[in-house]
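Have a look at the structure below, then the notes.
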Amino acid sequence: MSYPTPEALRAHAEHARKMADEYMAEGRLELAERREEDAQWYEIMAAREERRIDRMISERQMEAA
């Protein structure tokens, strides 16, 4: 299974925050809040993916040693 990269997830978070700002400027507070929640979720997923990659690298290094 292919996982999105941390960089791709952070790009999604950045886009969601831009949308949140636009919605806020338009007075669409409910949508702005939802997009901010989306951005936070993408940031969490990026951090989890980084940890998964780090664990995978560590395990491979230990196997090779």
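Structural remarks
- Segment 30-65, residues that are open to solvent by 100 Å² or more (accessible area, probe 1.4 Å) and not small (Gly, Ala, Ser): Glu30, Glu33, Arg34, Trp41, Arg48, Arg51, Arg55, Glu59, Arg60, Gln61, Met62, Glu63
- Taken together, Ala8, Ala64, Ala32 contain a single residue that is modelled with pLDDT under 95 and hydrophobic (A, V, I, L, M, F, W, C), which is Ala64.
- Taken as a whole, the condition of being open to solvent by less than 70 Å² (accessible area, probe 1.4 Å), of a type outside the set (Gly, Ala, Ser) and in contact (Cβ under 8 Å) with a residue 12 or more places away in the chain does not apply to Arg17.
The values are calculated or read from the model by the stated rules, or taken from the named source; none is laboratory data. In this text the structure is predicted, and so the values were computed from the model without any measurement. Cβ sites come from the backbone with ideal geometry, for glycine too, and all protein chains shown count toward neighbours. With ligands, DNA and RNA removed, areas are computed over all heavy atoms of the protein, side chains included. Shrake-Rupley method; radii C 1.70, N 1.55, O 1.52, S 1.80 Å.
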